[in-house]
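Peer 1: Sharing a structure below in structure tokens format, with a few things to ask.
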Amino acid sequence: MPGGFTSVRPVTPEVTNICLKVKSDIEEKAGTNFEVYTPLSFASQVVQGTNYRVKVNVGGDACVHAMIFEALPVYGGKLTVTRVQYPKSLCDPLIRF
């Protein structure tokens with residue numbers, strides 16, 4: 001679907017790298033620090049940049065869901081965490097929020 005999100009799939013090295021770059025921003029929005037931080041799955045949407053909806057395991061059954069926007073390179077390629085849902089569990093689907 002044009003403009004829509006892709007299906008949820010396992011993270012790629014590129015998405016893992018994006019998640020690592022914004023870890024402190026996700027922690028700030030979640031209001032806690034994560035000792036465990038393992039990106040698991042994601043969906044993406046191409047707009048004037050890319051929106052990433054990501055599920056990250058933060059220990060045991062706990063997860064955080066994050067929405068990350070990556071600006072186009074022509075606009076600096078800046079990464080911005082726009083929304084976070086925490087706590088979530090491993091079985092919670094990665095859906096629109």
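No value in this document is a laboratory result; all are computed from the given coordinates. This structure is a prediction, so every number in the text was calculated from the model and none was measured. With ideal geometry, Cβ positions are generated from the backbone for all residues, glycine too; neighbour counts draw on all protein chains shown.
Peer 1: With a cut-off of 8 Å between alpha carbons and a minimum separation of six or more residues, what is the relative contact order of the stretch 9-89 in percent?
Peer 2: Value for the stretch 9-89: 25 percent.
Peer 1: In whole Hz, with x marking every Gly and Pro, tabulate ³J(HN,Hα) for the stretch 10-17 from phi via Karplus 6.51 cos²θ - 1.76 cosθ + 1.60, θ = phi - 60°.
Peer 2: In residue order, the calculated couplings are x, 5, 9, x, 5, 5, 4, 4 Hz.
Peer 1: What is the sum of charges, Lys and Arg at +1 and Asp and Glu at -1, for the other residues whose Cβ falls under 11 Å from the Cβ of L94? Mind showing how you got there, number by number?
Peer 2: Details: positive: R9, R53, K55, K88, R96; negative: D92.
Overall, the nearby charge balance is +4.
Peer 1: How far apart, in nm, are two points set 7 Å out from the Cα along the Cα-to-Cβ line at Y75 and at T50?
Peer 2: Once both label points are built, they end up 1.5 nm from each other.
Peer 1: Among Y86, Y37, Y75, whose mean-square fluctuation peaks in a Gaussian network model of the chain (Cα, cutoff 10 Å)?
Peer 2: Evaluated over the chain, the most mobile residue of the options is Y75.
Peer 1: Give, as a single signed number, the net charge of other residues whose beta carbon lies under 9 Å from the beta carbon of A66, with Lys and Arg counted +1 and Asp and Glu -1.
Peer 2: Net charge in that neighbourhood comes out at +3.
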